[in-house]
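Rule-based calculations on the coordinates, nothing more; no lab input. Keep in mind the model is a prediction, meaning the values are calculated, not measured. Neighbour counts run over all protein chains shown; Cβ positions are idealised from the backbone, glycine included.
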Amino acid sequence: MILIKPSIEFLWATPDPLQAIERAGRICYKSEDKITDTSSIEFVKRLVARDHLAMVEHASASYRIICDRGITHEIVRHRLFSFAQESTRYCNYLGGIQYILPPWVDEKLLPGDLKLNSQNDSLEYEDGNVIELSALDKETAVWLRACGQCEEQYISLIKAGWTPQQARSILIHSLKTEIVVTGNLRQWMNFFELRCDKAAHPQMREIAFMLLDDIKEKMAVVFDKYEG
Ligand SMILES: Cc1cc2nc3c(=O)[nH]c(=O)nc-3n(C[C@H](O)[C@H](O)[C@H](O)COP(=O)(O)OP(=O)(O)OC[C@H]3O[C@@H](n4cnc5c(N)ncnc54)[C@H](O)[C@@H]3O)c2cc1C
């Protein structure tokens, strides 16, 4: 098994999103003649300040998110986004399973291909390095054992002839997955309001802040009110 950290990748967005929003928004006031090379910044700022958010729906952004299955289960609850997700029905993890390292587990375990040795209750890296699970804190050891056993059992089912869609029933929430999320900017605003909040799951917040930092770099005027 391989432990990795969650990550995000910007894929694409409406070209010149602020100009797109301004062009749509000025139709409301028939003030298209006021459009200049730089007018969109102040125009969109005013729209956002007045909560005239229907206009920001005219621009959208897409991200690829690498996180665990527990977190994508939460992301897909945002019904107005569009999704494409790695399928556990069709993807075969016979070669080994990747898991997302939760932020509360020591990063020292990264990186490397680890195999659980149930007899010695240890994890072995490909290069021969060994981690005795009893030397780790108890909860980390429980989590790593579960990841290792899940990998062993999944592979044994596939080798016995089960298809990935059958064997997936024993996969755990920490399984790494990838999802492409597309949404208009109003939908992303709703997402940040809910998922950057302290009430959100810590791994969800980890992803939400990565996304927020990135989108703020690209469209600060729309997302400035959210603190990264
Ligand atoms: C801290 C936290 C804890 C949570 N805990 C749970 C839990 O224990 N159990 C659980 O089931 N879920 C839980 N959720 C998920 C939550 O119930 C929502 O499904 C999720 O946050 C998506 O929110 P949303 O409906 O606003 O988003 P979207 O589905 O993207 O919708 C965006 C907005 O569009 C409008 N909208 C969308 N669909 C409709 C509709 N059919 N009718 C009217 N208006 C609509 C609403 O204004 C909505 O806010 C939790 C979420 C958070 C943030």
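Results, tabulated for the structure shown:
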{"item": "Residue among Leu114, Leu175, Leu11 with the largest mean-square fluctuation in a Gaussian network model of the chain, springs linking Cα atoms under 10 Å", "result": "Leu11"}
{"item": "Dipole magnitude of the range 70-124 about its Cα centre (Cβ charges: Lys, Arg +1; Asp, Glu -1), debye to nearest 20", "result": "360 debye"}
{"item": "Chain lengthening between Gln119 and Val142 when straightened (0.36 nm per residue, less Cα-Cα)", "result": "6.8 nm"}
{"item": "The range 162-228 - charge dipole about Cα centre, Lys and Arg +1 at Cβ, Asp and Glu -1, debye rounded to 20", "result": "220 debye"}
{"item": "Candidate lysines - alpha carbon under 19 Å from Lys34, same-chain residues fewer than 8 apart omitted", "result": "Lys45"}
{"item": "Separation of alpha-carbon centers, the range 153-188 and the range 1-60, rounded to whole Å", "result": "33 Å"}
{"item": "CD proxy at 222 nm, helix term only [per DSSP H run n ≥ 4: -39500 (n - 2.57); per residue of the chain; nearest 500]", "result": "-12000 deg cm²/dmol"}
{"item": "Burial order of peptide ranges 203-212, 148-157 (average beta-carbon count within 10 Å, highest first)", "result": "203-212, 148-157"}
{"item": "Among Leu101, Leu80, Cys67 - extreme Cα towards positive end, dipole of the range 60-105, charges at beta-carbon", "result": "Leu80"}
{"item": "Per-selection metrics, the chain (Cα): Rg and Dmax in Å", "result": "22.2, 76"}
{"item": "Label-point separation in nm, Asn129 to Asn190, each point 7 Å along Cα→Cβ", "result": "4.5 nm"}
{"item": "Using alpha-carbon coordinates, inclination of helix 138-159 to the longest axis of the chain, degrees", "result": "80 degrees"}
{"item": "Distance between modelled label sites at Arg77 and Glu152, nm, 7 Å Cα→Cβ extension", "result": "3.4 nm"}
{"item": "Directionally averaged shadow of the range 33-75, computed from the convex hull of its alpha-carbon atoms, nm²", "result": "5.0 nm²"}
{"item": "Kirkwood Rh (inverse of mean 1/r, distinct Cα pairs), the range 144-213, angstrom", "result": "14.8 Å"}
{"item": "Förster-model FRET efficiency, 45 Å R0, Ala49 and Glu86, C-beta, rounded to 0.05", "result": "0.70"}
{"item": "Helix axis angle, 17-29 relative to the chain longest principal axis, alpha carbon, degrees", "result": "40 degrees"}
